[in-house]
Amino acid sequence: MAKNSSIEWTHHTFNPWWGCIKVSPACQHCYAETFAKRTGNEVWGPNAPRRFFGEDYWNNPIKWDKQANMDGVRRRVFCASMADVFEDRDDLEEWRGKLWELIEKTPNLDWLLLTKRPENIGDMIPWPTDWPENIWLGTTVENQKYADERLPHLLQHKATVRFLSCEPMLGPVDLEKWIKPNQEKGLEGIDWVIGGGESGPGARPMHPDWARTIRDQAQSAGIPFHFKQWGKWAPVDHLPPGTKGTKTVINGVEMTLLKSKKSVDRSLDGIIWDEFPNSYPVRENTSEKPKEEETTPPDDGVFPVFPEHSIAAFLNLYREWEMTLDEFNEITDASRLTHPDFPGISLPTLEIHDNEKFDRFLTTFYQQAVAYGKSLAKAEGIKKADGTKRR
Ligand code: SF4
């Protein structure tokens, strides 16, 4: 919708049209429908028209692409916040075709297509096998039922990144059988997991253990995890003392209904999970001078992380042989870690006085570095020592 979108996980938002039909419990409080109504657009439901836009609007991604090219960075575009790209309606076909052309014309943008209708993808895309490299394809998984229904459809497609959005998370989700490649069925695994609670009027609470489970499964599989928000309900132990709001207890955890989702930060167990996959080797931004490397922790005890040279060394080692976490710990210590201007790995900041958190942090870094190393190796066509291709 607007340049510099405030959605944390994207830089821009683009809508090929407005309007949709609700398809599952995640749609119950669809903010897009509320927003459309509030702005006088009756575009929801099977009989309502959709809202389309002119050439000026469609030219915006071309400008973003040029800018991204000039800046030497890739930008993510979330498509679409006010619709579902894979809704099945005759009058959308022409606009979907226009969208596919636009995606092909903007190679410096990564297009995030998130759908609740992955069963329609195969019939609606013009690329039976070779998808453009700048598409990240995702589906919403609000509970186990929709994980089991939607993920097999998603994983049949060879998009550069396949992701799932567990938001709003309405129940526990076990990703075990989906998160890793299923060689029997010839399906490759998931590349990115996003979690988050529901915001807005009538929001339903997300039990913290649901979020922890998908985080832990993603982490143990070396897959990036992004925690977007708690939403309107947050566990009391994640809130500043004295935070007011209606309380409820869910499976032994006291949750508070917040006046605003901004009353709580995006941390889960003290860590901001801002991990992203890397679909391409990330180019250096030559228009900016590199920042001076920081060698000592700042006074407030919040420790930025890892020097660029140790990460580069690690990645080289990774390419040579599959490093274990123990081996990684042997070559890594806090004195060698400073803040990187290193776009391939996003790392949380945390207080290093807490040894347990620091250990978890090291593990997180290791897993992200492995994922990044894999994406570089994949992009460069580097093979494992036994000659097989890396995923
Ligand atoms: S699919 Fe998305 S846009 Fe459509 S009704 Fe559901 S939540 Fe709203």
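Laboratory data are not the source of any read-out in this text; all were calculated from the coordinates shown. These numbers were taken from a predicted model, which means no experiment stands behind them. Backbone-built Cβ (ideal geometry, glycine too); neighbour counts: all protein chains shown.
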Here is the link list: Lys105/Lys228; Lys63/Lys180; Lys105/Lys145; Lys66/Lys98; Lys66/Lys232. Which ones come out longer than 26 Å on Cα distance? Lys105/Lys228; Lys63/Lys180; Lys105/Lys145; Lys66/Lys232
State which entries of Lys37/Lys177; Lys22/Lys244; Lys116/Lys259 exceed 31 angstrom in Cα-Cα distance in the structure shown. Lys37/Lys177; Lys22/Lys244
Could you check what % of the DSSP bridge pairs in the stretch 92-188 are antiparallel, to the nearest 5? 10
P(r) of the stretch 1-131 over all Cα-Cα pairs, binned every 10 Å from zero, in whole percent: 12, 43, 36, 10, 0
I'd like to compare 66-79, 123-136, 153-166: which one has the highest average count of other Cβ atoms within 10 Å, and what's the full order after that? 153-166, 66-79, 123-136
Theoretical gain in end-to-end length, Asp237 to Asp148 [0.36 nm per residue, Cα-Cα removed]: 28.8 nm
Would you mind telling me the antiparallel percentage of the DSSP bridges in the stretch 122-272, rounded to 5? 45
Along each principal axis, Cα extent of the stretch 208-269, largest first, Å: 38, 24, 16
For Lys228, Lys247, what's the fewest-to-most ordering of other Cβ within 10 Å of each Cβ? Lys247, Lys228
